[in-house]
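Below is one structure, written out as structure tokens, with a few remarks after it.
The values are calculated or read from the model by the stated rules, or taken from the named source; none is laboratory data. Because the structure is predicted, anything quoted here is derived from the model rather than measured. Heads up: the accessible areas ignore ligands, DNA and RNA and are worked out on the full protein's heavy atoms, side chains in. Shrake-Rupley method; radii C 1.70, N 1.55, O 1.52, S 1.80 Å.
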Amino acid sequence: MQAQSQIIIFDGICNLCHGAVNFVINHDSHEQFVFASLQSNVGKRYLSKFGVSEVALDSVILIKAGKCYLRSDAAIEIAMSLDAPWSLLRFSRFLPKIIRDGLYNALAKRRYALFGTRAICLIPTVALSKRFIED
């Protein structure tokens, strides 16, 4: 499954990120996405492979067709593959990147304060475990 899938790398201790992963799962009827946490060995290997620095660790990261997307670019690429009406968010890519990433970064910097953290990374149910890349 992972060979054809789009891989979302997310902050496993972030409650906002946990909610975003659940949102994607609920609106990805074709099961195009698989997931790995930033904190996992798999996540760290992908970060290293694509040269993602510590600066980008407050971003959702999408690996799609051998390319790495960060911040608002990742969010837009993810939205494009979701079920309607969420796929219509693709049109937000026409906003200037400096504005998109500015809004994204403002939320990302405050995500722990606004939404909190969890002591452990997201643990998928047995039914969802096929959507999560194991270490």
Using just the helices of the chain, give the 222 nm mean residue ellipticity in deg cm²/dmol: DSSP H runs with n ≥ 4 each add -39,500 (n - 2.57), and the total is spread over all residues, rounded to 500. -11500 deg cm²/dmol
Ranked order, K64, K130 - accessible area, probe 1.4 Å, largest first: K130, K64
Expressed as a percent, the accessible surface of the chain that is carbon or sulfur, using a 1.4 Å probe and the full set of protein chains, is 62
State, as an integer percentage, the relative contact order of the chain based on alpha-carbon contacts under 8 Å between residues 6 or more apart. 34
Find how much the distance from F115 to S87 grows on full extension, using 0.36 nm per residue of separation minus their present alpha carbon separation; answer in nm with one decimal. 7.6 nm
In Å², and per residue, what accessible area does the chain have when probed at 1.4 Å with the other protein chains present? 57
